[in-house]
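The values are calculated or read from the model by the stated rules, or taken from the named source; none is laboratory data. Quick caveat: nothing in here was measured; it's all calculated off a predicted structure. We place every Cβ from the backbone using ideal geometry, glycine too, and count neighbours over all the protein chains shown. Just so you know, the surface numbers come from the protein's heavy atoms only, side chains and all, with ligands and any DNA or RNA stripped out. Shrake-Rupley method; radii C 1.70, N 1.55, O 1.52, S 1.80 Å.
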Amino acid sequence: MQLDDTNLKILRILQDDASLTNQELSTRIGLSPATTLERVKKLEQAGIIRKYAALVDEKKLNKHIKAYIFITMKEHSNQSLIEFNKRIKDLPEVLECCRLAGEKDYILKVVVDNIEDFELFTRTRLTTIPGIDKTSSSIVLASIVDRTDIPL
């Protein structure tokens, strides 16, 4: 799909505020509502816009612990990695899981209510997944940059 200046402008605006109506979006980019809607639909169909979401403040939901957990696997067989990938998706505390190149195999971004819940999560839920050799955790003290928009 061709990303012309108008498509990039649509993406910038929607990354900032996806709750805009089509009418508001069309006014901001200077196109008719029908043309704007057609462009947005094409961006969605091409998979450039994956989904729309509300960003919530985890602390206001009593999620006071954010942590990054590094995981090293015992083995790197296809079956072991498939099983880990399947099981990690079942843990709602895990907001993000990335497979890494290098010394560690995965990094997880996790949120929980408190440090006791973090300990319980790691001891009874995470480390019971077969194939994990080692974990190491870093608790976030402060978020300095917390973006969701992709630079365009």
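Contact map, the stretch 1-28: first residue of a type in the set (Val, Ile, Thr), second residue not in a helix (DSSP H, G or I), Cβ cut-off under 8 Å, separation 6 or more or different chains; pairs are Thr6/Leu31; Ile13/Leu20.
Restricting the first member to the stretch 118-131 and to residues that are closer than 17 Å to Pro92 by Cβ, and the second to residues that are in a helix (DSSP H, G or I) and not basic (Lys, Arg), the beta-carbon pairs closer than 7 Å and six or more apart or on different chains are Ile129/Phe84; Ile129/Ile88.
Output the number of residues of the stretch 35-86 satisfying the condition of being within 21 Å of Thr135 (Cβ to Cβ) and of a type in the set (S, T, N, Q).
Taking the stretch 35-86 first, the residues within 21 Å of Thr135 (Cβ to Cβ) are 63-77, 79-86.
Remaining after also requiring of a type in the set (S, T, N, Q): 72, 77, 79-80, 85.
Of the residues in the stretch 35-86, 5 are within 21 Å of Thr135 (Cβ to Cβ) and of a type in the set (S, T, N, Q).
Filtered by the rule that a residue be open to solvent by less than 40 Å² (accessible area, probe 1.4 Å) and more than 23 Å from Arg147 (Cα to Cα), the stretch 1-28 gives a lone residue, Ser26.
Restricting attention to the stretch 50-75, report how many residues are aliphatic (A, V, I, L, M) and over 20 Å from Asp146 (Cα atoms). Break it down stepwise before answering.
Step one: of the stretch 50-75, the residues aliphatic (A, V, I, L, M) are 53-56, 61, 65, 67, 69, 71, 73.
When the remaining residues are screened for being over 20 Å from Asp146 (Cα atoms), the result is 71, 73.
Count: 2.
Here Ile69 qualifies as of a type in the set (A, V, I, L, M, F, W, C) and under 16 Å from the mean Cα position of the chain (by Cα). Against the list (1) of a type in the set (Gly, Ala, Ser); (2) within 30 Å of Leu120 (Cβ to Cβ); (3) touching a helix residue (DSSP H, G or I) at 6+ places or on another chain (Cβ under 9 Å), the condition Ser77 fails is (3). Remark: Ile107 matches the filter, which requires a residue to be closer than 23 Å to Asp146 by Cβ and touching a Cys at 6+ places or on another chain (Cβ under 7 Å). Assessment of the stretch 110-118 against the conditions (within 30 Å of Ile48 (Cα to Cα) and either of a type outside the set (Gly, Ala, Ser) or under 16 Å from the mean Cα position of the chain (by Cα) (or both)) yields at least one matching residue.
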